Amino acid sequence: MIESEPTLAVARPISRRTLVRGMAISAGTAALPKSARAMSGSKIKVIAFDGFVIFDPRPVTALAVHHFPEKGAALAAAWSTKLFGYSWLATAAGHYRDFPALADAALRYTAQSLELTLSPDVRRDLLGAYQRLEVWSDVAPALEELRRAGIRLVFLSNLSEPMLVANMRQAGIARFFDPPLSTDRVQKFKPAPAAYNMAVEAYGLPRDEIGFAAFGGWDALGATWFGYRTAWINRLGVTPETLDPPPLISSRGIEGVLALAGLTSTARP
């Protein structure tokens, strides 16, 4: 959908549909079990990540505000909403288009709806922001710890493979990850079961040996329905989904992934 953030407007908790709207995230404590491993059964051997658990999407909104000071925040929020709507429409209707194509279509639609003139240069700049994302500040130490524990890491994302590779390389974290699993492989966006199944197919493991780290509550729910043990990394502090079941672990930061892996059982400051 994707997964940006200087002075951005966040009036209330937001969902993945409006993920680029938030700005600063206050420190939060994680809701973690006393022992993630004790709750889990088989040891997790692979953790699949949504892209925005690792990459901060808020700069997309910042760039929109830079180009359109009056309406940039509204543009970013509506663009994100339209983009997710297009992704689910394309999957449900069997007319898949990759993330860059849908992002472009959603951006053009949103600019027109807000009566904004979108020059070719600005259009390229905004679309290119999804390949220039930085990692959240807590990511690097956690990736080191996970790899030292022998856990394999992979992106399982709606972003295209070139976008994921570009972001990994520019952030200097490619060495931690296996080749990414983009939904382009199955021509269906998450939360389609075929998208989550990519990790099962890639690693030949049962679902209970694969953990999933979600950025959006809807993604945590979809992965849990699929059968993964799931950590919801609720970085923007949004309202939990009201459908059952809840994710195994919820946290504001990457400590939830470490708990999912059985490496810690308490929230970090």
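Since every read-out is calculated from the coordinates, none of them should be taken as a lab result. Predicted model only: the values in this text are computed from it and were never measured. We place every Cβ from the backbone using ideal geometry, glycine too, and count neighbours over all the protein chains shown.
Shown for Tyr86, Tyr130, Tyr203: other C-beta atoms within 10 Å of each C-beta, ranked fewest to most, produce the order Tyr203, Tyr86, Tyr130. Rounded, prolate or oblate, given the Cα gyration tensor of the stretch 146-187, with a/c below 1.5 counting as rounded? Verdict is oblate for the stretch 146-187. Pairs exceeding 28 Å between alpha-carbon atoms, taken from Lys45/Lys82; Lys71/Lys190; Lys45/Lys188; Lys82/Lys188: Lys45/Lys82; Lys71/Lys190.
Relative protection proxy for 210-217, 179-186, 74-81, 137-144, from highest mean packing down: 210-217, 74-81, 179-186, 137-144 (other beta-carbon atoms within 10 angstrom). This model, with +1 at the C-beta of Lys and Arg and -1 at the C-beta of Asp and Glu, gives the stretch 149-269 a dipole about its Cα centre of some 280 debye. Mark the label point 7 Å from the Cα of Arg108 along Cα→Cβ and return the residues of the stretch 121-158 whose backbone N is within less than 18 Å of it. Under cut-off, by backbone N: 121-129.
What shape does the stretch 58-131 take by its C-alpha gyration tensor, where a ≥ b ≥ c are the square roots of the eigenvalues and a/c under 1.5 counts as rounded, a/b above b/c as prolate, and the rest as oblate? Verdict is prolate for the stretch 58-131.
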